[in-house]
Amino acid sequence: MDVLDIARWQFGIITVYHFVFVPITIGLSAIIAGMETAWVRTGKQEYLRLTKFFGRLFLINFAIGVVTGIVQEFQFGMNWSDYSRFVGDIFGAPLAVEGLLAFFLESTFLGLWIFGWDKLPRGLHATTMWLVHIGTLFSAWFILAANSWMQHPVGYRYNPASGRAELNDFWAVMLNKVQLVTFPHVVLAAYMTGGAFVVGVAAWLYVRKEHVADQALHRKAIRIGAIVALVAGLGVAITGDAQGKIMTEVQPMKMAAAEALYESEQPASFSIFTIGTPDGTSEKFAIKIPNLLSFLATGTWDGKVEGINDLRATYEKEFGQDPGAAYYTAGDYVPNIPVTYWTFRFMIGVGLLTAAGAALILWLTRKGRTPTSGWFGLMALSVPVLAVSGSSFGWIFTEMGRQPWAVFGLMTTANGVSPSVSTFEAATSVIVLTVLYGVLAVIELGLMARYIRKGAEPFVEPPDPDIRGPQDDDQPLTFAY
Amino acid sequence: MELTTVWFILIAVLWIGYFTLEGFDFGVGMLLPVLARDDTERRVMINTIGPVWDGNEVWVLVAGGATFAAFPEWYATMFSGFYLPLLLILVALIVRGLAFEYRHKRDEAHWTARWDLALIVGSFVPAVLWGVAFANIVHGVPIDADKEFTGTLFTLLNPFGLLGGLVTLTLFLTHGAMFVALKTTGEIRLRARELSVRLGAVAAVVAVVFLVWAQIDTGSLGSAVLFVLAAVALVAGTYLAHLGREGWAFVGTFATIALAVAGLFVALFPDVMPTTLADGVSLTTTNASATAYTLKVMTWVAVIFTPIVLGYQSWTYWVFRRRIGTHHIPTAELAAR
């Protein structure tokens, strides 16, 4: 393995890992803020108990999301310095703005939320969690704008004198048409994940004998989680469909690879299952639904969808002429077909299963029913796992499907890697981070399991700072590390 | 003023924000086994920074992101060149950040002890390595004509670099002790105050040697003034700690770090990363910068949002202004809530 392979593996491993925690953070922060607001407005104890219970799980999750996020920002410079030089003028800005607008907001107001129960008036305390959530949305917006630019570069010009891509329209980058469909898709998937987390955990607790006294509480959480997951899931499907059409337009090769569509078709059929030849130029066996791909890709039942072999010729003609003009090496422009093909299907499949799981839990617990079957608890816990893996498959698909490009049409991944980094350094990095992340996963899951099993604590009226006197300053803190 | 100069100053400000704020976080973490006699006292120390450490750490993320945006070449050369030290810093920041959140999640002694170790080592490593990194940036490192760093890890471990690491280490220890003295009550406050005086004396000696060396190496009139002010602030802060004026003493170390970092950036200007190679290229505010358009967009964002961030971050410190003592640490039963 050379530095390029190692750097790619590292990017894949740590980014997919990081993004296990991100959608839970985005989705759960909104749900918790909603629960706390419901408590402030209605005074119903169950809402505060749920706020605190899911709040604790949220913090266990958030901590890993934050610390693994630091690596994300540093690794562009560490492993991808030529990429950073080439695109820094455009790509750096959203990262910097993300830090200034999102990270400060999230970290500061989460600190206030964690420690502020006895210091902030109730409404303001609930507001801090809303601000954390807004911070996560800002964060998603800017990092997705950066990623969308890699999928579909806009608002720039290539400067032959400096050999760099240079920003000339910031708003074009912010309002990139890929961004406008990617942001809702990713954020809705995060809401679905947050909902799946709540419904899965609550359903598991719902059927546990030791928590039988809290069945009403858990049924409440099941309903909240399931509704969020199902509504958001519908949105994920709609935005995903819109994304497919934009993708066909700006990255036709990715769509063709997603379908393992070797030859152009009109109308094109959707493949349920395709096996290609080892050299990746034709299909050997396939099961297909007629016309469906045409609809997914173009919005009409008989639209033309270009195949891999035609696109390969087009790309070679377009990009293979003058490799000196920009940062790429002429070569094969076809991504890894099995990876793109299967991750695309898994993404859609587990997304549908997540929604189905949430609906099934809702159905099985309707009108106070309590499922007695032993598999119910396991099925419930698999719902958030499915939701999270949907995000992982989605990202692996969209990033692998862009290959060999780092920035579509401008720079190949191979040309972005750091020239000054040695194989030893890169290997050390990927091994250290992978082992560390593995250990942290075990610790995190252990803590999650422990605090899920505990269930919600009994209701305790939090001290209201509006009616506290100065003599209370010697009371123990309501929360301490 | 040129926008490249504006952004050089803004990046200096971001690093000053980072070192003055997370500097005391690192100090508190490293001093855990020194200042605290038992678990409750350790928790007192950890809770002085509990609500704010994460916000403090964001300064380095914004500094990194702003460098990427405003000086892509600087970001690319520095981050790919200082590869292994940065990897160590990342690992340290990861385990340290988790220690805050996970330490109290289980009661077993071995669990707490391991996270304490993560917190102590995770604070020590970046406290030293940031100093090593900055000393090397100011002095210069081998950068070739392609703007690539050509050295190794050992290139950075030169006497000047190591002394820089010792400076940040002793300064952050002092800063942390001052902070604990300012934010706690009871015995630990007295212990912290007493230790801060001794640490301040050590830091003053190390810092003066380093700053004189840096001034001779690459300094200008401006950096000389700032270095002298930094040294004065440190001596004054230490003396004020001795007098028991904890607030002003903390202001003293805060000013010391701010002035010293400012002085180093002034010494650096207009380079951002000078080369030590005869046929190499020094990265400067002009040849490493982004385009004027990007800098203009970024300037607008910074002008609008930095005051807002400073506002709410200051407000957090106001909300959590109260001193903490052992009697504030909730019992296990309370914590279960």
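The values are calculated or read from the model by the stated rules, or taken from the named source; none is laboratory data. Nothing here was measured: the structure is a model prediction, and the numbers come from that model. Note: ideal-geometry Cβ built from the backbone for every residue, glycine included; neighbour counts use all protein chains shown.
Some points to look at:
- Restricting the range B:51-67 to residues that are out of contact with any Asp or Glu (no Cβ under 8 Å at 6 or more places or on another chain) and free of Cβ contacts under 8 Å to residues at least 60 places away in the same chain, the residue that is farthest from residue B:89 (Cα to Cα) is B:67.
- Across the range A:402-436, the number of residues qualifying as surrounded by 20 or more Cβ atoms within 10 Å (Cβ to Cβ), within 13 Å of chain B (Cβ to nearest Cβ) and among the aliphatic types (A, V, I, L, M) comes to 5.
- Residue in the range A:73-95 that is under 19 Å from the mean Cα position of the chain (by Cα), facing chain B (nearest Cβ under 8 Å) and acidic (Asp, Glu) present: yes
- Set B:76, B:36, B:113: member being aliphatic (A, V, I, L, M), free of Cβ contacts under 8 Å to residues at least 40 places away in the same chain and either touching a Lys or Arg at 6+ places or on another chain (Cβ under 9 Å) or over 26 Å from residue A:101 (Cα atoms) (or both): B:113
- Hey, residue A:8 in a helix (DSSP H, G or I), out of contact with any helix residue (DSSP H, G or I) (no Cβ under 8 Å at 6 or more places or on another chain) and not small (Gly, Ala, Ser) or not: no
- If the condition is being closer than 15 Å to residue B:2 by Cα and of a type in the set (Asp, Glu), then the range B:266-318 contributes only B:271.
- Only residues that are of a type outside the set (Val, Ile, Thr), under 27 Å from the mean Cα position of the chain (by Cα) and more than 18 Å from residue A:356 (Cβ to Cβ) were counted in the range A:184-228, giving 7.
- One residue stands out in the range B:131-151 among those that are surrounded by fewer than 16 Cβ atoms within 10 Å (Cβ to Cβ) and in contact with an Asp or Glu (Cβ under 9 Å, 6 or more places away or on another chain): the one that is farthest from residue B:22 (Cα to Cα), namely B:145.
- If the condition is being over 18 Å from residue A:59 (Cα atoms) and surrounded by 18 or more Cβ atoms within 10 Å (Cβ to Cβ), then the range A:119-128 contributes A:119, A:120, A:122.
- Only one of the numbered conditions (1) more than 14 Å from chain A (Cβ to nearest Cβ); (2) of a type in the set (Gly, Ala, Ser); (3) over 21 Å from residue B:146 (Cα atoms) is not met by residue B:278, and that is (3).
- Here residue A:249 passes the criteria (1) more than 19 Å from residue A:21 (Cα to Cα); (2) crowded, with 20+ Cβ neighbours inside 10 Å except the one numbered (2).
- Those residues of the range A:283-308 which are in a loop (DSSP other than H, G, I, E, B) and in contact (Cβ under 8 Å) with a residue 12 or more places away in the chain, in sequence order: A:290, A:291, A:299, A:301, A:302, A:303, A:304, A:306, A:307
- Applying the condition of being surrounded by 15 or more Cβ atoms within 10 Å (Cβ to Cβ) and facing another protein chain (nearest Cβ under 10 Å) to the range A:437-458 and asking which residue is nearest to residue A:120 (Cα to Cα) yields A:451.
- Those residues of the range B:105-126 which are modelled with pLDDT under 95 and crowded, with 22+ Cβ neighbours inside 10 Å, in sequence order: none
- Unique match (being within 22 Å of residue B:14 (Cβ to Cβ), surrounded by fewer than 20 Cβ atoms within 10 Å (Cβ to Cβ) and aliphatic (A, V, I, L, M)) among B:261, B:281, B:251: B:251
Each row is one residue, and each column tells you yes or no for (1) surrounded by 15 or more Cβ atoms within 10 Å (Cβ to Cβ); (2) facing chain A (nearest Cβ under 7 Å).
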| position | (1), (2) |
| --- | --- |
| B:285 | yes, no |
| B:289 | yes, no |
| B:307 | no, no |
| B:320 | yes, yes |
